[in-house]
Amino acid sequence: MLDELNRVIYDGAQQIFKDGDEGGCVYLIEEGTVEIFITDQGRECRLGLMGKGELFGEVSLIGYRPRSATVRAVERTVLIPITQQLVENLLEQSDPILRHFLRTILDRFINYEANAFESTTTAFVPTAQANRRSVLKGEVTQKISLMHGMGRALTRDEFQLHYQPICDLSDGRIVGFEALIRWNHPIDGLMPPMDFLWIAEQTGQIRDIGLWTLERACKDWPMLKRYTESEAPFVSVNLSASQLINESLVEDVRSILLDHAMSPAEIKLEMTETAMVSHPDIAQQIFKRLIELGSSLALDDYGTGHSGLGHLQRYPIGTLKIDRVFIAPVLDSKHNTEIVRSSITLAHSLEMDVVAEGVENAEVRTILLEMGCDFGQGWYFGRPSTIQDLEIRYTNG
């Protein structure tokens with residue numbers, strides 16, 4: 001990155017900036033030497049020398065203050081100016097939690113400096129920048145809180161699974177269930193996965209949460225299985241991108257299945273297209289081992305990610321799940337109708353079965369049946385519910 005930045009050359013004895021000048025950038029010394037002076041009772045006092053590889057001017061940069069010293073080149077000196085805007089851009093591109101920590105450290109440094117040395121010039125922070133920092137601080141503080149809360153949630157049993165039935169479109173029989181995680185947050189109430197799982201991905205907590213989900217689904221399976229009417233019933237569990245490249249995944253699945261005396265054929269592991277593209281070779285190896293174990297794989301949210309025929313050909317996928325964004329408007333959009341029809345035909349040609357997500361009414365079910373779709377999932381067949389609510393629904397139903 002430094003190769004892309006401009007250079008400024010100063011001759012010996014040439015002033016770079018003086019005490020009181022406006023700040024705005026920090027300098028990295030690429031060649032040469034500079035000397036630092038301050039003014040004390042009208043006299044110049046040299047504080048020291050700085051050479052190649054050293055930074056100067058950073059206090060004004062991070063504090064939006066005027067220069068607090070005078071700097072001159074001792075000899076021919078090449079400097080790399082690093083502007084305030086560049087620093088801000090780099091911070092914006094960094095991890096949000098790391099960015100928050102850096103902001104906190106800088107703010108504390110600035111506050112310390114302000115208390116230690118009284119200044120006649122008020123530090124000025126542009127309004128837009130101050131507003132961005134305020135928003136960032138609030139957002140990241142909340143994310144850090146969620147990060148710690150997720151660790152607590154596992155030990156306090158705050159996570160719960162809701163199960164949604166997957167049904168045969170021809171007669172409505174339940175053939176399986178999809179396990180969908182929720183967080184029963186002590187303050188914010190029931191939280192959907194989109195509100196917290198992405199943070200778990202960033203922090204590495206997703207592995208523990210993923211294992212908890214698989215274990216709980218296997219634990220609940222004997223009761224869930226009672227509500228199915230299929231020769232090959234199953235429960236689907238979603239896998240994250242980071243789980244797919246974890247070499248311990250297969251052994252984790254094997255161990256949990258053994259603990260609950262569950263047949264590998266009764267667990268279906270779902271992943272998205274996006275999850276497969278980051279490390280395709282590793283994913284392919286793990287998929288192969290999962291198939292050898294006896295489990296089956298489903299491609300979730302088909303059509304919304306990195307869609308491509310290569311994924312369907314390359315990986316041992318047994319089920320294609322067409323995303324609700326294509327299913328919901330299928331009655332009103334010829335374009336969507338053709339996308340769904342073509343996806344079903346393609347999947348069947350590759351010996352996959354097809355699940356349509358987001359089936360909300362009988363009309364959608366009928367048109368999907370006419371297209372040859374195998375299974376449906378959506379509120380028409382049943383909303384996601386806890387194991388306790390399912391027991392009440394199907395026992396009384």
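Structural remarks
- Any hit, the range 207-226, residues being part of a loop (DSSP other than H, G, I, E, B), touching a residue at least 12 places away in the same chain (Cβ under 8 Å) and not hydrophobic (A, V, I, L, M, F, W, C): no
- Members of the range 353-378 that are closer than 24 Å to Arg314 by Cβ and surrounded by 21 or more Cβ atoms within 10 Å (Cβ to Cβ): Val354, Val355, Ala356, Glu357, Cys373, Asp374, Phe375
- Of the residues making up the range 175-216, those that are among the β-branched types (Val, Ile, Thr) and out of contact with any Asp or Glu (no Cβ under 6 Å at 6 or more places or on another chain) are Ile181, Ile187, Ile199, Thr203, Ile206, Ile209, Thr213.
- Sole residue being at negative phi and in contact with a strand residue (DSSP E or B) (Cβ under 6 Å, 6 or more places away or on another chain), chosen from Ala241, Ala179: Ala179
- Looking only at the range 33-56, and only at residues there that are assigned to a loop (DSSP other than H, G, I, E, B) and open to solvent by 20 Å² or more (accessible area, probe 1.4 Å), the one that is farthest from Arg7 (Cα to Cα): Gln41
- Matching strands (runs of 3 or more DSSP E) fully within the range 232-346 where at least 3 residues are open to solvent by 10 Å² or more (accessible area, probe 1.4 Å), closer than 21 Å to Pro165 by Cα and touching a Leu at 6+ places or on another chain (Cβ under 6 Å): none
- For the range 12-30, a residue qualifies if it is surrounded by 14 or more Cβ atoms within 10 Å (Cβ to Cβ) and in a strand (DSSP E or B), and the qualifying residues are Ile16, Phe17, Cys25, Val26, Tyr27, Leu28, Ile29, Glu30.
The values are calculated or read from the model by the stated rules, or taken from the named source; none is laboratory data. For clarity, every value in this text was computed on a predicted model and none was experimentally measured. Here the Cβ is made from the backbone with ideal geometry for all residues, glycine too, and neighbour counts use every protein chain on show. Ligands, DNA and RNA are excluded from the accessible area calculation, which covers all protein heavy atoms including side chains. Shrake-Rupley method; radii C 1.70, N 1.55, O 1.52, S 1.80 Å.
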